[in-house]
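Structure record follows, encoded as structure tokens.
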Amino acid sequence: MDFLMNRTFEIRLYPTREQQKLLDITFGACRFVYNNVLGLRQSYYKDYEFKDKDLNIMDMLKAFNPWLNDIGSQAICQSLNDLNKAYKNWFNSLSKKTKQKSKAPKFKKKSDRQSYRDCMMKKNIFELLDIQNRKITVPKIGKITYRCGYDFSKYKIMKVCNITLKKSKTNKYFCSICCECNEPEKLKLNDYKIGFDLGLKDFLIDSEGIVIDNPKYFKKSQEKLAKEQRKLSHCIKGSNNYKKQKLKVALVHEHIKNQRKDFQHKISHQLINENQVIISEDLKPSNMVKNHKLAKSIADASFSNFCNMIDYKSKWYGRTYIKVSSFYPSSKLCHCCGYKNTTLTLSDREWECPICHTLLDRDKNAALNILEEGLKILNKSGQGLPIEPIDTVYNSTLE
Ligand SMILES: [Zn+2]
């Protein structure tokens, strides 16, 4: 039987001047409607504690702003759906209905990344894409030239749920195509299990003691970013030089993001390929928000991206990914005898267990403990006990 899954493909767009103008107007219209409705809802909330109710004010907005009539109603509708969803998440999080913490919806700025979504009603991808001529048909805009590295004929069923048109801070246009397609073929089962710990200095340390360094080009780009940001701080805000410099900073940011993404794809691919069971610490998003140090918070964000990659790839390829609670003291326990070293500090790279006298490397010891704890969770979940936190369905064909 074929299992369907959603998958998103991002392609780079090369719109003509005319198409750029149309896209920019649509981004602006969606932002305009979003912000206006958000403003209304905010004042209702403040004055009357008006909460979760749909405001049908589109007619009113259109009456005062006739230019909105020329914009695709799908795009505007989707942006209002986003706002409703943002409110719903926020209210749920306030009333603690869900574990996920959400913030109050914020106004969209023109300087942020621009985007709008269009519903595609499960159209076949080949109705949307003209592969031969590299053109994508975007409603209300027309046929836009694209470039991408995907071979779409490789995926069997490809029904398009929606497309998101985006403009990056560096003024590049993209389209994310969300499709329903067949799951990829599962990898052959094996017996390898691995635990890993993510770090600031080294990227990853696994339970076999293998250390994966952060690539040297990361440091180079970080230095370049610092240099360009310093230059920006000397520019007068709002001046032409400021705008030019801001674009330069955004370009370096983009470059770093792409470098990191490539690197993480490579590492996660390797981990998934080689191991049947992969175990890591669960990184709590709430820990990240509390962190004010920039370098650390960037690292945290990239860790959660990496764990997401492992998560979805393990589901695609039939692997098991388990997350161990972040409260589990993985560095402090001796993996040989279980002794807990409560005086261990961050600067202690190595320590000797006073009970069993094993010399422990801090990171490898942590990875080994994570592996062991994860395997315990895996075994318990096999008996049908609901164990938290476990993000992956127990794979009964294991072992
Ligand atoms: Zn010990």
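What FRET efficiency would be calculated for the residue pair W316, K122, taking the C-beta separation as r and a Förster radius of 22 Å, to the nearest 0.05? Calculated transfer efficiency: 0.55. Cross-link pairs exceeding 32 Å between alpha carbons, from the set K135/K231; K85/K201; K154/K266: K135/K231; K85/K201.
Cross-link check: pairs K143/K216; K156/K248; K257/K313; K172/K216; K248/K313; K261/K323 evaluated at a Cα-Cα cut-off of 30 Å; pairs beyond the cut-off: K143/K216; K156/K248; K248/K313. Dividing the Cα radius of gyration of segment 130-186 by its Kirkwood radius returns 0.99 for Rg/Rh.
For the chain, the Cα-based Rg and Dmax, in that order, read 24.6, 79 Å.
Potential lengthening of the chain between L247 and K169 amounts to 27.3 nm, from the contour at 0.36 nm per residue minus the alpha-carbon distance.
Among the protein heavy atoms of the chain, carbon and sulfur supply 52% of the accessible surface, probe 1.4 Å, non-protein parts ignored.
From helices alone, the chain scores -14500 deg cm²/dmol at 222 nm; the rule is -39500 (n - 2.57) for each run of n ≥ 4 DSSP H residues, then divide by the residue total. Annotation: for a label point projected 7 angstrom from Cα along Cα→Cβ of H265, residues of segment 175-197 with backbone N closer than 17 Å are 175-179, 184.
Between the alpha-carbon centres of segment 195-227 and segment 310-353 there is a gap of 18 Å. Evaluating 6.51 cos²θ - 1.76 cosθ + 1.60 at θ = phi - 60° for every residue in segment 17-23, the Karplus couplings come out as 3, 4, 5, 4, 4, 4, 4 Hz, glycine and proline recorded as x.
The separation of segment 72-96 from segment 1-25, counted between C-alpha centres, amounts to 22 Å.
The values are calculated or read from the model by the stated rules, or taken from the named source; none is laboratory data. Being a predicted model, the structure only gives us computed values, none of them experimental. Every residue, glycine as well, gets a Cβ built from its backbone with ideal geometry; the counts of neighbours run over all protein chains shown. Quick note on the areas: whole protein, heavy atoms, side chains included, nothing else; ligands and nucleic acids left out. Shrake-Rupley method; radii C 1.70, N 1.55, O 1.52, S 1.80 Å.
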